[in-house]
1. Once the piece of chain linking LEU389 and LEU196 is laid out straight, how much longer is it, given 0.36 nm per residue of separation minus the C-alpha distance between them?
2. How long are the semi-axes of the equivalent ellipsoid of the stretch 500-627, taking √(5λ) for every eigenvalue λ of the Cα gyration tensor, in whole Å from largest down?
3. Can you list the residues, at least 5 places off or on another chain, whose amide H is less than 5 Å from the amide H of ILE210, using H built in the peptide plane?
4. Would you please classify the overall shape of the stretch 352-486 from the alpha carbon gyration tensor, given that a ≥ b ≥ c denote the square roots of the eigenvalues, rounded means a/c under 1.5, and beyond that prolate means a/b larger than b/c while oblate covers the rest?
5. Quick query: amide H of LEU541 versus all other amide H atoms, modeled in the peptide plane; which residues come in under 5 Å with a sequence gap of 5 or more or a different chain?
6. What ³J(HN,Hα) values, in whole Hz, does the Karplus curve 6.51 cos²θ - 1.76 cosθ + 1.60 give for the stretch 247-255 when θ = phi - 60°, with x put for Gly and Pro?
7. Nearest 500 deg cm²/dmol is fine: what mean residue ellipticity at 222 nm does the chain get from its DSSP H runs of n ≥ 4 alone, each adding -39,500 (n - 2.57), divided by its residue count?
8. Mind giving me the FRET efficiency for ILE283 and ARG485? R0 is 30 Å, r the Cβ-Cβ distance, nearest 0.05 is fine.
Amino acid sequence: MFNLTGLLKRLVIGRARRSEELGETLLPKRLALPIFASDPLSSVAYATQEILLVLTLGGLAYLHFTPWIAGAVVALMTVVVLSYRQVVHAYPSGGGSYEVASTNLGPSAGLVVAASLLVDYVMTVAVSVASGVDNIISAVPALVDQRVPLALIFVALLTAMNLRGVRESGQAFAAPTYLFIGGVLIMVGTGLFRYLLGDAPSAESAKYGIVPEPGEANLAGLALVMVVLRAFSSGCTALTGVEAISNGVPAFRKPKSKNAAATLAAMGIIAITMFVGVTTLAIVAKVHIVQDPCRLTGLPGDCTSYTQRTVIAQLASSVFGGDNSVGFYFIQAATALVLILAANTAFNGFPLLASILAQHRYLPRQLHNRGDRLAFSNGILALAVVAGLLLWAYKANVTSLIHLYILGVFTSFTLSQTGMVRHWNRELRTETDPGLRRRHRMTRVVNGVGAVITGFVLVIVLATKFTQGAWLAVLAAVLLWVMMRGIRRHYDAVAAELAVTDPRSELVPPSRVLAIVLVSTIHKPTLRALAYARAFRPDHLEALTVAVDRDASVALKRQWEEYGIDVPLKVLDSPYREITRSVMEYVRSVSRDSPRDVVAVFIPEYVVGHWWENLLHNQSALWLKSRLLFTPGVMVTSVPWQLSSSARADHPAARAPGSVRRGEPTATRKSEDVSTHR
């Protein structure tokens, strides 16, 4: 069983890496771009669609707002990219928005950013995978009933790839990302070239009309403004993942800050170009897309059986000449693949941020540990589990999931840019060089503008999405913030309690050591435990048994005397056959009678090698040890006896049956207490 598990682990993850090989996992810019920027690059596949879905609530009347909303999204992305370039240079350690907010606005603000980003990373995986599955279904409608299983399979594959290491996942995901970029640019270029020649592509939905939602037609004043703002907030999904590069600076090759800033600029230029191109082409091709297909007029059949395809699918079909064209299938395959791989941004950002938080004692320490391949494996697995549960709960539906999205992004944007303004204010108070002061003032303006704009967008997102499901994301972030504060309080309390104030007093030995060996019958494990306890040379040594069966206890005492064991045997009466309670009461009484003494309890136990063998034995040792560990002044020592099945399960033919491995921690295997087993 052990060897099979190890073999499967090596097949999935690969050979373990030495810590000294960490430098070999650092990324060049060509691999860092698809790893850290696949989310904002791929979001062009659904950002335009989300804008259109909101505007078509009023039928066709509001579609003329599309270019203005797209322009606002582009302006916002430009400001955010420029702002994060300053973050990369000023804080290259990899904390990104969290470090900026913590340093300049205080730990509480930093935790708000961290909680928001962790929630948003989970949403990135869920939305990206669900959107990718949508594009697969657009190409192969027969898979519509397999939406959730497909999404969960893709999450599992992403998890396996990321467990192999950052560099390995980048090499696997680079080609699909670059193919998607090339495919979208070719599609946009071809479509717009046809438009200039007078042969504009026409989407399959262009011939359909749209019936407005009740109460959404002919809006004016504040109501119309709210619809436009809601469409803008939906289009801002194009900005998700922009901050991932600032969190992943340590993963870049040297010079880290320079390479990260260059990658961030390249990501911004490519993402803006593709977003503008897709939106322009959607306007030219007159794509009509709605949340409920039954609002489309002119459908050839029953609306309930009509499968509405994504904007990218409709554009590819119209540009390349139909559903059977090579270009259509290439775009659909590349889009589906890159959308699924876009979740890789979160698979890199989430573990890195969780590791930093664990290092700062806001999350469990295990999240700071690197796995066999030098990746933060525990963070990767935690992200996969939560995202998988979310996909299952929401049936991998993009429209349902999108309302929980982007809230955390703009929270981190706003606080980090505000923190950067304070950072430059502090720098200007000490800087005397005129050139550097001028540069600091200019960057402060960039960050100030970014803080104001992203704060405004955050208000819009809250106002337009809160009642549609965003409140769940807010609640999750709040609970996470409270949990992280509680974890930090726990770690601080433990550190304070364990801190050494007077080393000499802590090194004073106990007055006496009273050793107790638990016994149920006389066999090799019992005798080994007695010998081991005697080797400690305690001030007092005794054996202890519980009389759950009076005849068996009498026989044990007779055999004890026959063997001539020179250790006193104490028998505890237990009329209700409760072993644990009887032992606990006796040990506490001994400890209570001699508070300056140490009571050492030795528990003989044997170790089995197969999981199914544990089902054949009781687990009283685990329960008894867990109870004894909470008793002050009591030390618990397990004395293992490895059975032959244990030796074979670990290293075949490495030991003779019954041989004992001295000094091996018993926690490495399931063990069976033989001191209380009848």
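Just so it is clear, none of the values below were taken in a lab; they were calculated from the coordinates. Keep in mind it's a predicted model, so treat the numbers as computed, not measured. All Cβ positions, glycine included, derive from the backbone under ideal geometry; neighbour counts span all protein chains shown.
1. Roughly 64.7 nm would be gained on extension.
2. Rounded to whole Å, the semi-axes are 27, 19, 16.
3. Distant-sequence amide H within range of ILE210: LEU60, THR297.
4. oblate
5. HN-HN under 5 Å from LEU541: ALA515.
6. For the stretch 247-255, the Karplus-derived couplings read 7, x, 3, x, 7, 7, 6, 6, x Hz, x marking Gly and Pro.
7. -20500 deg cm²/dmol, from helical runs alone.
8. After rounding, the FRET efficiency stands at 0.05.
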